[in-house]
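What follows is calculated from the coordinates using simple rules that are stated; it is not laboratory data. Keep in mind the model is a prediction, meaning the values are calculated, not measured. Cβ coordinates were reconstructed from backbone atoms using ideal geometry, including for glycine residues, and neighbour counts include every protein chain displayed.
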Amino acid sequence: MDQTRQLFLGDASLATGFRLAGFEVFPDADAAQLDQLLSELLATRTPAFVVIDQALAASESRRLEEVRREGGRILLTQVPPLTRPEQMHSAIDDRIQQLLGLDGDSP
């Protein structure tokens, strides 16, 4: 069985904690770096647990949606800013709001 890579991409203030937990870290990564890494994981079919910060989750990454649709081999999650954990917002939050009719576009 292939070794699962553990990766963190995002705010440098969060990187130290993930490094201490044994993750490969990419401090202050941008959408281009995220795309490059996700492309590599997809191409090599490498199992991975990828943690990204909220800013990267909201970025215009081309590969992010592809990984989310694929499911299974690459587990993707996000974390809030270290200094503002109460401001956590994920893509699933938007979908739940829509399902409940609370998306703001409803009368």
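Rounded to the nearest 0.05, the FRET efficiency derived from the C-beta distance between Glu24 and Arg69 at R0 = 25 Å is 0.55.
Order the peptides 7-18, 42-53 from the highest to the lowest mean number of other Cβ atoms within 10 Å of their residues. Please report the intermediate quantities before stating the final value.
Numbers: 7-18: 18.8, 42-53: 16.5.
Answer by packing, highest mean first, reads 7-18, 42-53.
Extension gain for Ala43-Arg62 works out to 5.4 nm (0.36 nm per residue, less the C-alpha to C-alpha distance).
Tell me the GluC sites (Glu not before Pro) within segment 1-79 that lie in a loop according to DSSP and have at most 10 other beta-carbon atoms within 10 Å. Let's see the in-between values first.
Details: sites: Glu24, Glu40, Glu60, Glu65, Glu66, Glu70; in loops: Glu60.
Those satisfying the criteria are Glu60.
Here's how it looks for Ala48: its modeled amide H is under 5 Å from those of Arg5, Ile74, Leu75, which are all 5 or more places away or on a different chain.
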